[in-house]
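A short worksheet on the structure shown next.
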Amino acid sequence: MSYVTLDYVDLALAASLLLINGAVSIALSLGLARSLAISSVRMVVQLLLIGLILDFLLATVSPFWTGLAVLVMLGFAGYEAMARQDRRLKGFWAYGLGTGVMTLAALLVMSFALITQVAADPWYHPQYLLPLLGMVLGNCMTGVALAIRSITSALADGKQAVEAQLALGRTFRLSALPMVRSALRTAMTPTINSMAATGLVYLPGMMTGQILAGIDPVEAVKYQLLVMFLIAGATAIGVTGAVFAISRRLSDQRHRLRLDRLTDATAN
């Protein structure tokens, strides 16, 4: 089986479809035309740049350069998760907590996959490590961002309910348990919905790319199933870690609700 190569004229023709988005925005005064243009240019530059970087990494197969790429990916994922928050923890916690739980989730899941299922030689080969990490980390980032946003909003908005429970002598853990459950449910729902719709409603990107590249569809399905399982595991680890870490940070040894540890604009 062969695959069809694309030239830049083909990509330019496909990019013309973005004019539809721009026309809708202008016609209905949505104010999205500028954001659309910036996002489109940013996407093109980032993908072209990552293509050049991957060429270099695949040619060198160096643990140093591969490790550096992993650190950069983790760092940007932590920044993006923080940037999506309306309420942020003060100090380094705003960036460090989300980055920390995503790093833990990614390391655990990727170590499991590379040692058992993929068995790459060497284990740090960028051909396997970076694409798998990118898909896992992207979905984990979405879940962690939702988890942090949900639990901080729930505790801030439900301040009176939590403090009423505390006044009755309950521990902070029990008082905040409904908020914790709600945040976990919110953060895990997109992954569950994606798993339920995969195959029937849409064909995921990795599977589609492999089929277009001439890979046997059954083998493409196997790899896609592997990726979905890795995503589910990493998201569960990251989301759970984020929610419980935030809950712990917003309380103290005296079982008080410490909303003063959130940014001033949202703690009031």
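The values are calculated or read from the model by the stated rules, or taken from the named source; none is laboratory data. Keep in mind that what you see is a predicted model, and the values were worked out from it rather than measured. Glycine gets a Cβ as well: all are built from the backbone with ideal geometry, and neighbour counts include every protein chain shown.
Here L200 meets each of (1) surrounded by 14 or more Cβ atoms within 10 Å (Cβ to Cβ); (2) more than 20 Å from the chain's Cα centre (by Cα); (3) not charged (D, E, K, R) with one exception, condition (1).
Taking segment 165-197 as the range and being surrounded by fewer than 14 Cβ atoms within 10 Å (Cβ to Cβ) and of a type in the set (S, T, N, Q) as the test, the residues that pass are T171, T189, N193.
Within segment 195-229, being more than 16 Å from V118 (Cβ to Cβ) and either among the small types (G, A, S) or outside the structural domain of C140 (by TED's automatic domain parsing) (or both) holds for A196, A197, G199, G205, G209, A213, G214. Here the helices (runs of 4 or more DSSP H) wholly within segment 138-231 that include at least 3 residues being over 30 Å from L262 (Cβ atoms) and either at pLDDT 90 or above or out of contact with any Asp or Glu (no Cβ under 6 Å at 6 or more places or on another chain) (or both) are 177-197, 205-212. Listed by first and then second residue, the pairs linking a residue in segment 66-80 that is free of Cβ contacts under 8 Å to residues at least 12 places away in the same chain to a residue that is part of a helix (DSSP H, G or I), with Cβ atoms under 7 Å apart and 6 or more places separating them unless they lie on different chains, form an empty list. Only one entry in L48, L32 is more than 17 Å from V243 (Cα to Cα), free of Cβ contacts under 8 Å to residues at least 12 places away in the same chain and exposed (fewer than 13 other Cβ atoms within 10 Å of the Cβ), namely L48.
Condition check for G98 on (1) farther than 21 Å from V180 by Cβ; (2) among the small types (G, A, S); (3) in a helix (DSSP H, G or I): one failure, at (1).
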